[in-house]
Amino acid sequence: KSERSGTASKRSRELKEIVFIIQSQSNSFHSKRAEDLKRDILKQAADLGKELPVVLLIHQMDRHEGAWTILPLMRDFSVAYGRNSSWIFFCEEDTRIQVVKLLETLRRFDASKEWFLGKALHDEESTIIHHYAFAENPTVFKFPDFAAGWALSVPLVNKLATKLKSEPLKSDFTIDLKHEIALYIWQKGDGPHLTPVPEFCTDDVNSDKVDQCATTFSNFLPLCREPVKKEDVFVAVKTCRKFHGDRIPVVKQTWEREAALIEYYSDYTDNSIPTIDLGVPNTERGHCGKTFAILERFLNHSSPRTPWLVIVDDDTLISIFRLRKLLSCYDPNEPVFLGERYGYGLGTGGYSYITGGGGEMVFSRTAVQKLLASKCRCYSMDAPDDMVLGMCFSGLGIPITHSPLFHQARPMDYPKDYLSHQIPVSFHKHWNIDPVKVYFTWLAPNAEEALNGKKVEYNREDL
């Protein structure tokens with residue numbers, strides 16, 4: 001027995017050398033999930049002995065608007081944990097951790113060296129999301145799947161902290177954080193590559209492979225209550241005259257029938273669609289004027305009982321059915337602004353925003369009310385609407401909420417392994433694809449309804 005308790009106390013000591021960082025968000029649904037995960041980690045730790053690890057939630061480190069981009073926190077981590085810890089382990093709110101297995105896995109690596117550990121993803125082909133990086137052979141560069149958890153040894157954290165002190169982050173935009181962090185750590189070949197760790201998994205907790213896994217991933221598409229009613233989601237499609245002929249027919253052949261309340265906003269009235277001319281001329285660049293006109297119209301013309309507004313581009317492919325499931329997790333009485341999160345200038349103040357390039361932005365009526373009650377508006381009609389909204393909400397202290405289920409690009413622009421643990425809500429852009437086929441392969445509700453929301457193994461050729 002003393003041997004067993006000796007092992008437990010050794011594990012307990014080792015565990016104290018790991019700092020757990022949950023990549024949490026301040027929206028009430030997400031923060032509760034992160035708190036649940038924190039409790040689970042601490043409970044597993046308590047079962048091993050007295051020494052409990054530090055477990056931190058990123059959204060509570062809000063001295064930094066850009067805390068979610070993680071690199072700005074390296075100096076804090078280095079100061080607080082640079083002497084007494086061995087590993088900083090990052091995970092998402094839906095990552096599930098077998099603490100004993102994680103300790104065994106990390107023990108294989110000498111924590112006095114610089115390590116960057118994770119489940120490796122790579123691009124199948126060079127993609128706009130990563131600025132066509134490694135175009136000759138995109139498979140050579142590996143970046144971590146955050147859902148599986150990832151780890152940095154403390155010597156690497158200290159090195160990054162020192163580097164960030166002398167050379168602040170240069171990039172204006174944060175678009176795909178996992179790729180950008182891997183690039184920063186790699187330092188054009190001078191820093192460590194990602195070391196793939198087979199025990200960091202994204203298999204479902206019930207999969208037969210999980211015995212080998214230190215981490216699993218528990219959520220393909222959240223569903224908290226009954227899906228919100230069709231009539232509770234108002235869909236505004238942004239279009240313009242030059243796309244009436246090619247993009248609108250795709251919407252009508254695919255997801256339009258899923259929407260109970262839908263209007264098409266254009267710079268030209270076309271009764272055959274029908275479109276509504278908001279009196280805002282089409283602009284080549286940003287569409288700030290048009291988006292604010294849609295927000296005003298939603299507040300003043302739609303039923304005051306409609307709690308949700310979705311603004312989509314005319315080349316967005318979306319599953320309204322899945323969106324209604326996802327929205328069951330959010331409280332429309334809170335100011336919710338949901339979609340795919342980007343950052344602008346986060347190293348130096350800056351703000352986060354929901355990318356219009358994600359093809360869609362989701363607002364609770366409460367968020368629209370708070371925004372329009374403020375004086376925050378477009379600085380010009382053709383300002384980028386998504387960035388102006390990010391600035392406005394940031395100024396109002398309303399956090400934006402990120403979901404990885406919204407995609408600013410096409411399925412082929414993402415690693416297959418990354419999409420395999422998602423039930424996606426949207427894709428965007430029609431370049432060089434058959435958008436109708438992409439919709440029916442990836443987003444159409446029938447396959448999933450038939451399986452009661454079980455994870456679907458689609459027969460997806462390389463779409």
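Results, tabulated for the structure shown:
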| item | result |
| --- | --- |
| Which numbered condition F90 fails, given (1) of a type in the set (A, V, I, L, M, F, W, C); (2) in contact with a helix residue (DSSP H, G or I) (Cβ under 6 Å, 6 or more places away or on another chain); (3) surrounded by 20 or more Cβ atoms within 10 Å (Cβ to Cβ) | (2) |
| The one condition in (1) more than 25 Å from the chain's Cα centre (by Cα); (2) more than 23 Å from R225 (Cα to Cα) that P304 fails to fulfil | (2) |
| Single residue of the stretch 184-228 satisfying the filter (of a type in the set (A, V, I, L, M) and modelled with pLDDT under 95) that is nearest to the chain's Cα centre (by Cα) | L221 |
| Set F427, F393: member being at pLDDT 95 or above, outside any helix (DSSP H, G or I) and in contact with a strand residue (DSSP E or B) (Cβ under 9 Å, 6 or more places away or on another chain) | F427 |
| Test: residue in the stretch 14-33 that is more than 23 Å from P404 (Cα to Cα), open to solvent by 20 Å² or more (accessible area, probe 1.4 Å) and at pLDDT below 95 | yes |
| Qualifying residue in the stretch 135-152 (condition: part of a helix (DSSP H, G or I), in contact with a His (Cβ under 8 Å, 6 or more places away or on another chain) and buried (at least 23 other Cβ atoms within 10 Å of the Cβ)) | yes |
| Scan of the stretch 317-356 for residues that are open to solvent by 10 Å² or more (accessible area, probe 1.4 Å), among the hydrophobic types (A, V, I, L, M, F, W, C) and closer than 22 Å to T254 by Cβ, ordered by number | F321 |
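For (1) in contact with an Asp or Glu (Cβ under 9 Å, 6 or more places away or on another chain); (2) in the same structural domain as Y330 (by the TED database); (3) open to solvent by less than 10 Å² (accessible area, probe 1.4 Å); (4) free of Cβ contacts under 8 Å to residues at least 60 places away in the same chain, each residue gets a yes or a no:
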{"site": "R365", "(1), (2), (3), (4)": "no, yes, no, no"}
{"site": "S380", "(1), (2), (3), (4)": "no, yes, no, no"}
{"site": "P384", "(1), (2), (3), (4)": "no, yes, no, no"}
{"site": "F393", "(1), (2), (3), (4)": "no, yes, yes, yes"}
{"site": "H402", "(1), (2), (3), (4)": "yes, yes, no, no"}
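The values are calculated or read from the model by the stated rules, or taken from the named source; none is laboratory data. In this text, all values refer to a predicted model and were calculated from it rather than measured experimentally. Please note: Cβ atoms are built from the backbone with ideal geometry, for glycine as well, and neighbour counts cover all protein chains shown. Ligands, DNA and RNA are excluded from the accessible area calculation, which covers all protein heavy atoms including side chains. Shrake-Rupley method; radii C 1.70, N 1.55, O 1.52, S 1.80 Å.
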